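Only one structure is covered here, and it is reproduced in the block below.
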Amino acid sequence: MEILHSGLLQRALLEIVVLGGACGALGVWLLHLRHAYAAESLAHAMLPGLVLASLAGLPLLAGAGAGVLVSAALIALATRDTRVGSEIAVGIVVTTAFGLGALLALSPAVPVGLDKLLFGDLLGAGAADLFAAGALAALVAGALAAGHRRLTLAVFDPVSAPSLGVRPGGVELALLALLAIAVAAAVLSLGNLLLFALLVAPAAAGMRLGRSLRAQLGLAAGLGSAAGLLGLIASSELDLAAGGSIALAAVALYAVAAIARPGAPRAARRTPMEALGGSR
Amino acid sequence: MSPAARIEAAGLGASYGAGAVALRDVSFAAEGGQAVAVLGPNGGGKTTLFRALLGELATVAGTFSIEGAIAYVPQTERSRLDFPVSALDVALMGAYARTSWYRRVTAADRALARAALEQVGLGERAHERFGALSGGQRQRVLIARALVQDAGVLLLDEPFAGVDQTSEDAIMGILDALRAEGRVLLIATHDVEQARGWDRVLCLRGEQIAYGEPSSTLTNAVLEATYGAEIVMLDCGHRAVAIQHHDHAH
């Protein structure tokens, strides 16, 4: 097996296993808070910010944050026109941001090419990428552990949460901020398009299989890492794109979970606007 | 439980931000051991009053004072029934506010949560999933959570809604025990006849219509002023039933 002999693949493996675990655990809370659509929208909306930060030689996190803030402001502006519904506003702003980011990324002056921004460059992982992945995993693990009780209340009983010392709005904002950091840190490795698969599929699988919250978090982290391992092995052995293979591996694991526990309870459906924090 | 509880409001008014005043001129007082039925139509101000007393809404007029910790017991349908928490996990949430974010919940609080579940008759179901319990059982778990908060004043939002008679009797027994312990209970309800059995009634319709002992307060005139066309008089006016509109927004 090539992965056993290639230092390049082993570095990529280490990075994806760490990122997969972090994304899996984070994804569980995103799904419980019904922010899966927000996760995808956030990843797309920050693309112009990432490209401009790359052009200016600034930290990608700064670009990601600016991209999200500008998109949020534009959405708020668009929804002032009552003829434009919230869902339409989100759709227009996010696709506009994504298209603008794609155009900017095609400029020869951009150090990072569009294909790498969209699909990642896992096989180009260096020491700095491994450090970033490790730092992100530590941040996600620490933040989720420290915020476990607050997150639990915000999800389970947002009506009573304020009387129990928790502000659900603040908790959701903190989780979205953590998501923004995770996307900014992982986007160059996993890609703007494929990162979403690693955030959602392992978490969905973990929620199907786990009977307790801690079991769901543990399983999602493990399945996220497993998707990275399986996808990278498939990529190296079958000469397939790494990012796409990992995304498909994540979805395949969810399919196995769905077959293993077909009767598992599902969360009530929610419209995309509700997922972005609209009325409940 | 902490020393004797008491709650008092004088000319209390509350609003939702910069909008119109949602509730005005509420004045009442209740001592430990008393249960106050809070009656009113949907949108009449029951939830507004509770939220104002919890400090979640801006008070635009009057004052209120509370001696003892206060806890809110919501309707169980407002919780995420698909979320994987056990009855013990929910009861333990009552200790969250007094536990620093960097500390684990103490063994003493865990024991308190188990004892609270025993008190509401659900000790053997501590590890069952909250969403798998019946409506009445879930309501009792939420009452246990309020006990873990060591609340002297409990605000109960329609605790009998959607429960069968057996569960209603069980909940009533628990509430009687809480009164005997010296706690104050404010119970939002649409059941006018049940309210006649409590110590006091507070009638709201955007403002206070009446407050006092049920026998002298729940007159036909007061009920009509409170519920308008949503009150139905039966038995030649000797019995009243409030028409309930089920809220499917959540």
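Read the figures in this text as sums done on the coordinates, not as results from a lab. Just so it is clear, the structure is predicted and the values come from calculations on it, not from any experiment. With ideal geometry, Cβ positions are generated from the backbone for all residues, glycine too; neighbour counts draw on all protein chains shown.
Mind checking which residues of region B:81-129 are aromatic (Phe, Trp, Tyr) and without any contact (Cβ under 8 Å) to a residue 40 or more places away in the chain? Once the filter is applied, which keeps residues that are aromatic (Phe, Trp, Tyr) and without any contact (Cβ under 8 Å) to a residue 40 or more places away in the chain, region B:81-129 yields B:Tyr96, B:Trp101, B:Tyr102.
Where helices (runs of 4 or more DSSP H) fall wholly inside region B:54-149, the ranges with 2 or more residues that are away from chain A (no Cβ under 13 Å), farther than 30 Å from B:Ala9 by Cα and within 20 Å of the chain's Cα centre (by Cα) are B:107-119, B:135-148.
If the condition is being buried (at least 23 other Cβ atoms within 10 Å of the Cβ) and among the hydrophobic types (A, V, I, L, M, F, W, C), then region A:233-252 contributes A:Ala242, A:Ile246, A:Ala247, A:Ala249, A:Ala250. Taken over region A:1-50, the residue count meeting the criterion of being of a type outside the set (A, V, I, L, M), assigned to a loop (DSSP other than H, G, I, E, B) and in contact (Cβ under 8 Å) with a residue 24 or more places away in the chain is 3.
Checking each residue in region A:89-110 for being more than 19 Å from A:Leu193 (Cα to Cα) and in a loop (DSSP other than H, G, I, E, B) picks out A:Ser107, A:Pro108, A:Ala109.
A residue that is farther than 27 Å from B:Gln194 by Cα and touching a residue at least 24 places away in the same chain (Cβ under 8 Å) occurs nowhere in region B:27-44. Return a yes/no flag: does region B:166-183 have any residue that is within 14 Å of the chain's Cα centre (by Cα) and among the polar types (S, T, N, Q). Checking region B:166-183: not a single residue is within 14 Å of the chain's Cα centre (by Cα) and among the polar types (S, T, N, Q).
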